[in-house]
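The values are calculated or read from the model by the stated rules, or taken from the named source; none is laboratory data. Keep in mind the model is a prediction, meaning the values are calculated, not measured. Note that we place each Cβ from the backbone using ideal geometry, even for glycine, and neighbour counts take in every protein chain shown.
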């Protein structure tokens with residue numbers, strides 16, 4: 001995840017990932033910071049995350065412990081059932097996947113018309129090898145995720161804009 005002054009959003013996303021860590025699915029969480037002045041680093045440290053203020057995306061991707069990566073925005077929250085579905089998906093597939101949009105949290109109709117969905121609004125699950133092959137120095141996670149054709153998982157993700165709107 002990349003963040004900038006998103007302490008509360010970061011905490012919300014990390015709290016959901018704890019259950020994935022307990023099940024052995026999440027082995028490493030990396031937070032890439034863009035000059036936060038809030039408590040983002042303290043939240044990441046308390047959750048056992050690696051927190052970087054200076055990085056090269058290729059180095060970060062290579063150092064990730066798992067064979068699959070989940071890219072998400074701070075504030076995004078995965079819904080019930082995601083762990084089992086992701087475990088099954090990565091056991092049987094080699095292509096990237098995105099989570100389904102939350103049926104509960106949707107933008108009003110007129111705000112959805114003509115709106116380009118940000119590449120990480122519903123996360124991106126992809127093989128580490130593929131991410132490393134796509135990465136270029138200076139690239140951010142949004143650029144890495146942009147244009148990726150991905151399967152759609154049944155598990156829902158509440159997008160980060162919901163947490164940001166509640167701020």
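Given the residues 7, 88, 67, which is the only one that is within 16 Å of the chain's Cα centre (by Cα) and exposed (fewer than 13 other Cβ atoms within 10 Å of the Cβ)? Show your work before the answer.
Details: 7 fails: exposed (fewer than 13 other Cβ atoms within 10 Å of the Cβ); 88 fails: within 16 Å of the chain's Cα centre (by Cα).
Checking each option against the conditions leaves just 67.
Do we find that residue 75 is on the phi > 0 side of the Ramachandran plot and at pLDDT 95 or above in this structure?
Judged against the criteria, residue 75 is a match.
For region 96-113, check the following and say yes or no: at least one residue is in a loop (DSSP other than H, G, I, E, B) and modelled with pLDDT of 95 or more.
Yes - at least one qualifying residue is present in region 96-113.
Whether any residue in region 135-143 is crowded, with 16+ Cβ neighbours inside 10 Å, assigned to a helix (DSSP H, G or I) and out of contact with any helix residue (DSSP H, G or I) (no Cβ under 6 Å at 6 or more places or on another chain) is what I want to check.
For region 135-143, residues crowded, with 16+ Cβ neighbours inside 10 Å, assigned to a helix (DSSP H, G or I) and out of contact with any helix residue (DSSP H, G or I) (no Cβ under 6 Å at 6 or more places or on another chain): present.
Identify, please: which residue in region 47-62 is in a helix (DSSP H, G or I) and surrounded by 15 or more Cβ atoms within 10 Å (Cβ to Cβ) and is, among those, farthest from the chain's Cα centre (by Cα)?
Restricting attention to region 47-62, the residues satisfying the condition of being in a helix (DSSP H, G or I) are 57-62.
Subset that is surrounded by 15 or more Cβ atoms within 10 Å (Cβ to Cβ): 57-58, 60-61.
On the way: 57: 15, 58: 17, 60: 14, 61: 13 Å.
Applying the filter and picking the extreme gives 58.
Would you be able to tell me the number of residues in region 150-167 that are modelled with pLDDT under 95, surrounded by fewer than 17 Cβ atoms within 10 Å (Cβ to Cβ) and either touching a helix residue (DSSP H, G or I) at 6+ places or on another chain (Cβ under 8 Å) or closer than 20 Å to residue 61 by Cα (or both)?
The number of residues fulfilling the criteria is 2.
Inspect region 109-130 for any residue being closer than 24 Å to residue 8 by Cβ and without any contact (Cβ under 8 Å) to a residue 24 or more places away in the chain and give the result as yes or no.
yes
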